[in-house]
Amino acid sequence: MCLDEKWRCKPESGDSGKVDSPRAKDMRLLGIEFAPLKVPMKRRLETAAAFFWIFVPLICPLLAWTTVIYILLYTRFYYVPLLYFGFQYFDKNSPYNGGKPLEPVRDLACWKYLCQYFPLSTFKTAECPPDTNYLFCIYPHGVL
């Protein structure tokens, strides 16, 4: 597989992911076993990044449409969503022409933490021509 060096994620050496805490076994309430309270900040950030990766696509569309409907019906700024919808209509071919890459979004720290939450290593098994596009698919049972 061919991957850019910037996006290669490897677990740091010596980081087994286990938490040494005498209370780790005592974190039960009503038969539910909770994570220990003494967890390194790095692990908490990794978990938060994974949570938001799942939470944001589920909640943001609902929140966005609720906000748009509220602005259209209950404020005097009803023209702002209408202008945005007009922009979306005239800009509908943008994804087919290369889109609009946002480098600041690509460089966010949350991607590093999300990558470390799912430790994955790739190994180059064949030469890949650089002028060809490749698709990497990640499933719970592996990478294709």
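Read-outs throughout are calculated quantities, based only on the coordinates presented, and are distinct from any laboratory measurement. Quantities reported herein were computed from a predicted structural model and do not represent experimental measurements. Cβ: placed from backbone, ideal geometry, glycine included. Neighbour counts: every protein chain shown.
Can you put VAL68, VAL105 in order, fewest other beta carbons within 10 Å first?
VAL105, VAL68
Going by how many other beta carbons lie within 10 Å of each one, how would you line up TYR70, TYR113, fewest first?
So the residues, fewest neighbours to most, are TYR70, TYR113.
Order by neighbour count: TRP53, TRP65, fewest other Cβ atoms within 10 Å first, most last.
TRP65, TRP53
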